[in-house]
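Each reported figure results from applying straightforward, stated rules to the coordinates on display, with no laboratory input. What you see is a predicted model, and the numbers here were worked out from it, not measured in a lab. Here the Cβ positions follow ideal geometry from the backbone for every residue, glycine too, while neighbour counts run over all protein chains shown.
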Amino acid sequence: MVRGVREFQEDFKDDRRRPEERSDSRREEQRRDEMMRAMEESDRQRREDERRMNALRTIVNDDDIEISLEERKLINNPEMKMMDNGEIVKRTRSKGSAFANQFRLDKLLPKAKKKVRKKARKELDRLQAEAFREANRTLRTKAGKLRKGVTQSDVAKRAQKILKRLRK
């Protein structure tokens with residue numbers, strides 16, 4: 001009878017370990033999957049590099065092929081493509097589908113007129129920027145933090161006082 005109880009206890013301990021073993025096996029599977037994806041990606045990259053090298057090797061090693069300056073410009077231009085029949089065409093990039101374009105805000109909203117800024121407004125903005133620089137310089141520490149007891153509101157008030165002085 002004691003022997004039967006001992007066997008039951010061992011089985012119980014095994015049951016407690018099983019979720020851990022399951023999570024370990026899941027982690028192992030995930031690692032294997034990641035390794036397989038990495039290997040496939042490296043193989044794909046290697047094949048692509050080989051394809052490029054073969055194309056370049058063909059051009060370099062074939063004495064009958066001479067590339068003119070215009071042809072070099074075409075080769076290095078990403079917007080130009082050669083069709084199967086040898087015709088050179090300029091690749092156009094689509095600006096989205098007609099369905100997506102109907103929801104673009106720049107297409108829906110009326111064109112906003114560009115506002116003309118007056119000379120006085122530009123000058124005032126320049127003075128305000130200078131006032132804020134000075135106020136921040138006086139109310140902040142070397143590290144850039146606000147001094148103790150000082151708020152951003154205090155900085156703005158100080159900048160307004162400085163601006164009043166600068167405008168005179």
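With helices as the sole contributors, the chain gives -23000 deg cm²/dmol at 222 nm; each DSSP H run of n ≥ 4 counts as -39500 (n - 2.57), and the sum is divided by every residue.
With a ≥ b ≥ c the root eigenvalues of the C-alpha gyration tensor of region 100-164, is it rounded (a/c under 1.5), prolate (a/b larger than b/c) or oblate?
Values: a/c = 4.23, a/b = 1.95, b/c = 2.17.
Verdict is oblate for region 100-164.
What percent does the relative contact order of the chain come to when contacts are Cα pairs within less than 8 Å and at least six residues apart? The partial results should precede the final answer.
On the way: 48 pairs, mean separation 17.6, N = 168.
It comes to 11 percent, rounded to a whole number.
A crude spin-label estimate for the pair E130 and D106, with each label 7 Å from Cα along the Cβ direction, gives 3.7 nm.
Full extension of the chain between M36 and L56 yields a length gain of 4.2 nm, computed as 0.36 nm times the residue separation minus the alpha carbon distance. With Cα extents along the principal axes in Å in mind, check (1) 100, 83, 41; (2) 91, 48, 28; (3) 97, 35, 18 and report the label derived from this structure. Of the labelled values, this structure produces (1).
Largest GNM mean-square fluctuation among S68, S25, S97, using the chain with Cα springs under 10 Å: S25. Modelled label positions at R137 and D154, each set 7 Å beyond Cα in the direction of Cβ, lie 1.9 nm from each other. Projecting the Cα atoms of P78, Q160, G144 onto the dipole axis of the chain, where Lys and Arg carry +1 and Asp and Glu carry -1 at the beta carbon, places Q160 farthest toward the positive end. Measuring against 21 Å, Cα to Cα, the residue pairs K114/K168; K122/K168; K119/K164; K142/K168 contain K114/K168; K142/K168 as the ones spanning a longer distance. Using the Cβ-Cβ distance between L74 and K95 with R0 set to 30 Å, the FRET efficiency from 1/(1 + (r/R0)^6) comes to roughly 0.75.
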